[in-house]
Amino acid sequence: MDRKPYSSQDLLQLIWGAALAIMGLAFFFRVSTVMERIAEMEYPASVEIFLRIGFYLIAVILLGGGIKKIYRFLEITKNRE
């Protein structure tokens with residue numbers, strides 16, 4: 001088998017995808033700590049729920065985007081073989 005080297009763009013996308021996925025996971029686990037601090041500020045309950053949903057949505061989008069980029073990289077490598 002004659003493997004072609006990866007382009008710098010492909011490797012950059014893989015690194016960016018890994019960074020997005022890691023930040024999505026970190027953000028997901030950090031939400032509870034941030035929400036405790038926000039709860040101390042005496043906002044209405046509806047605002048806290050909205051913020052919690054928003055933070056979790058950001059985490060899911062980051063994680064999903066990272067997984068998508070990593071998956072595309074794996075598809076590219078599979079097609080090159």
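Could you please report the charge total around M35, scoring K, R as +1 and D, E as -1 over all other residues with beta-carbon less than 9 angstrom from its beta-carbon? Within the 9 Å Cβ shell, the charges total 0. Taken about its Cα centre, region 1-58 carries a charge dipole of about 260 debye when Lys and Arg each add +1 at the Cβ and Asp and Glu each add -1 at the Cβ. Relative to the longest principal axis of the Cα atoms of the chain, the long axis of helix 8-39 makes an angle of roughly 10 degrees.
In 10 Å bins starting at zero, report the fraction of Cα pairs in the chain per bin as a rounded %. Calculated over all Cα pairs of the chain, the distribution is 18, 33, 22, 15, 9, 3, 0 percent.
Computed from the coordinates by the stated procedures, all read-outs in this text should not be read as laboratory data. Owing to the predicted nature of the structure, the values given are computational and were not obtained by experimental measurement. Please note: Cβ atoms are built from the backbone with ideal geometry, for glycine as well, and neighbour counts cover all protein chains shown.
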